[in-house]
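Q: This is the structure I want to talk about, given as structure tokens.
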Amino acid sequence: MNHFEPIDGELSCESVPLREIAQSVGTPVYVYSSATLERHYGVLRDALRQEGLKGEHGGDALIAFAVKANSNLAVLKTLARLGAGADTVSEGEIRRALAAGIPANRIVFSGVGKTAEELAFALKVGVSEINVESEPEMHLASNIAQSLGTRAVIAIRVNPDVSAGGHAKIATGKADNKFGVSFSEAERLYAQASNNAGLKPVGVTCHIGSQITDLAPMSAAFSKMKGLVQRLRGEGHSVERLDLGGGLGVPYFHQPTPPSPADYARMIARTMTGLDIAYSFEPGRMIAANAGVLVAEVLHIHERPEGRKFAVLDAAMNDLIRPAMYDAYHDIKPVRVRPGSPEMYDVVGPICETGDTFTRERELPPLAPGDLIAFMSAGAYGAVMSSEYNSRLLVPEVLVQGDQYAVVRPRPTYEDMLARDRLPDWL
Ligand SMILES: *Cc1c(COP(=O)(O)O)cnc(C)c1O
């Protein structure tokens, strides 16, 4: 469910017509709905509560929003106010989470390639846990912690070697992916870490991929994680936390309907029966995807003699790269539907690359130059992956709450863009 519905025939975000935002901020523009962000967070929190999946000290499980899905400070703060933590993969993301008011003890630091500087930063601010992905990284964390006179609180990221479906570029849970260590290695590393003055191992973690629409591979992976926790405990180790990652899919239309958060929580409770542990989760897409749209204007309708019709937009692959990068499907809705029978369009951006195609042969209501359209489900992995390719200005972001909206990242000016480059003395 989301809060993008027509009001008086005009697609709106909560109570604000998208046309109004497009007119005042210009297009292309990302628009996010606070109510949808809040709803998705709340639905997951309630589902976990319902199934008795608790966090530390008997409180709610930690829902650490995957900042890489949408790192806008206003989005993070909206979630922070509900008690969200943050799953981060760089110093920049840790800084964003802190700036949005997420306390360090709710910030998880993940990622395959953390640098020494980033680890030192994470230790200094006191993040809740560093999810280590390899033996060399674990030793680096230990050395840095010892040089800072502290211990790194770590969880070992395991690669459960399951295939979870989804696009190959976002599958992370097979043994040939770069993520995490095997179960036997995890046991060895946990034992090592327990005897290391720079480390405090507190748990284990996994994340098997993104846009997962089938609970079976998740359940298989989680059941293996349970076995690992039990073996580690059997060896006398204390294992307090289990971080089950993110990855739950969202409905992008024309795709398998993903399980609901309630189904997901029920599956976990069933898989983990009898295990007493503090749970944490790292959802990105399921919180943010359907909470955002990209609004663009139709510049031209270009008809080829052979009959193909191209709707050329003012948005391009640099603003929303998912279709080009992951063959992703985004539902496209005209902000105001014109009367008339639907037609087939190739919806494209202006960049001189065939990859700058959002969709081919999509049946849409008739479009004309000047019409506004919305790419639905663009709140995750949208603006965060945008660039200035073709020296197009970085796309702005707007947050709506009820009948109000605010620009939460303005479009830069051309002067801003040019001012970031420097000319060397010899030119
Ligand atoms: C990307 C990522 C997530 C979030 O994935 P979603 O599919 O957006 O839920 C969570 N944890 C880790 C380690 C990730 O890399």
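Q: Quick one: S219 ticks every box in (1) within 15 Å of the ligand (Cβ to nearest atom); (2) over 28 Å from P136 (Cβ atoms); (3) open to solvent by less than 40 Å² (accessible area, probe 1.4 Å) except a single one, so which number is it?
A: In the conditions (1) within 15 Å of the ligand (Cβ to nearest atom); (2) over 28 Å from P136 (Cβ atoms); (3) open to solvent by less than 40 Å² (accessible area, probe 1.4 Å), S219 misses (1) alone.
Q: Of the conditions (1) closer than 24 Å to D331 by Cβ; (2) without any contact (Cβ under 8 Å) to a residue 40 or more places away in the chain, V398 fails just one. Which one is it?
A: (2)
Q: Of these, A164, A155, which one is closer than 23 Å to A265 by Cβ, within 16 Å of the ligand (Cβ to nearest atom) and not in a loop (DSSP other than H, G, I, E, B)? Steps first, answer last, please.
A: Numbers: A164 fails: not in a loop (DSSP other than H, G, I, E, B).
Result: A155 is the single residue among A164, A155 that is closer than 23 Å to A265 by Cβ, within 16 Å of the ligand (Cβ to nearest atom) and not in a loop (DSSP other than H, G, I, E, B).
Q: Regarding the stretch 278-291, can at least one residue be identified that is away from the ligand (no atom under 16 Å from the Cβ) and over 21 Å from E10 (Cα atoms)? Please lay out each step first, then the result.
A: First, the residues of the stretch 278-291 that are away from the ligand (no atom under 16 Å from the Cβ): 278.
Those left that are additionally over 21 Å from E10 (Cα atoms): 278.
Yes: one or more hits.
Q: Continuing with this model, one more query. Name every residue in the stretch 354-386 that is at negative phi and among the aromatic types (F, W, Y), in order of residue number.
A: Scanning the stretch 354-386 gives F358, F375.
Q: Of (1) within 16 Å of the ligand (Cβ to nearest atom); (2) in a strand (DSSP E or B), F310 satisfies all except one. Which?
A: All conditions pass for F310, except number (1).
Q: Just to be sure before I move on: is V298 open to solvent by 20 Å² or more (accessible area, probe 1.4 Å) and either touching a Pro at 6+ places or on another chain (Cβ under 6 Å) or within 16 Å of the ligand (Cβ to nearest atom) (or both) in the structure I sent?
A: On the way: open to solvent by 20 Å² or more (accessible area, probe 1.4 Å): no; either touching a Pro at 6+ places or on another chain (Cβ under 6 Å) or within 16 Å of the ligand (Cβ to nearest atom) (or both): yes.
It is false that V298 is open to solvent by 20 Å² or more (accessible area, probe 1.4 Å) and either touching a Pro at 6+ places or on another chain (Cβ under 6 Å) or within 16 Å of the ligand (Cβ to nearest atom) (or both).
Q: Then there is this: Yes or no: L76 under 30 Å from P334 (Cα atoms) and in a helix (DSSP H, G or I)? If you could, list the steps in order and put the result at the bottom.
A: Working: under 30 Å from P334 (Cα atoms): yes; in a helix (DSSP H, G or I): yes.
Answer is yes for this residue.
Q: So which pairs qualify, if the first residue must be in the stretch 284-310 and more than 30 Å from L44 (Cα to Cα), the second must be open to solvent by 50 Å² or more (accessible area, probe 1.4 Å) and not basic (K, R), the Cβ gap must be under 6 Å, and the two must be at least 6 apart or on different chains?
A: Listed by first residue and then by second, the contacts come to V298/P369; H300/P369; K309/E303; F310/H302.
Q: Scan the stretch 246-254 and tell me whether some residue there is within 16 Å of the ligand (Cβ to nearest atom) and hydrophobic (A, V, I, L, M, F, W, C). If you could, list the steps in order and put the result at the bottom.
A: Our first condition is that a residue be within 16 Å of the ligand (Cβ to nearest atom); within the stretch 246-254, this holds for 246-252.
Remaining after also requiring hydrophobic (A, V, I, L, M, F, W, C): 248, 250.
Checked against the condition, which is being within 16 Å of the ligand (Cβ to nearest atom) and hydrophobic (A, V, I, L, M, F, W, C), the stretch 246-254 yields at least one hit.
Q: Okay, next question. For a quick check of your reading: which strands (runs of 3 or more DSSP E) sit entirely within the stretch 85-134 and have at least 1 residues that are over 17 Å from the mean Cα position of the chain (by Cα) and modelled with pLDDT of 95 or more?
A: Numbers: elements: 85-88, 107-109, 129-132.
Correct list: 129-132.
Q: Let me confirm something: among L44, L73, which residue is open to solvent by 30 Å² or more (accessible area, probe 1.4 Å) and in contact (Cβ under 8 Å) with a residue 60 or more places away in the chain? Walk me through it before giving the result.
A: Details: L44 fails: open to solvent by 30 Å² or more (accessible area, probe 1.4 Å).
Answer to the selection: L73.
The values are calculated or read from the model by the stated rules, or taken from the named source; none is laboratory data. As the structure is a computational prediction, the values presented were derived from the model and not from experiment. All Cβ positions, glycine included, derive from the backbone under ideal geometry; neighbour counts span all protein chains shown. Calculation scope for accessible area: heavy atoms of the full protein, side chains included, ligands and nucleic acids excluded. Shrake-Rupley method; radii C 1.70, N 1.55, O 1.52, S 1.80 Å.
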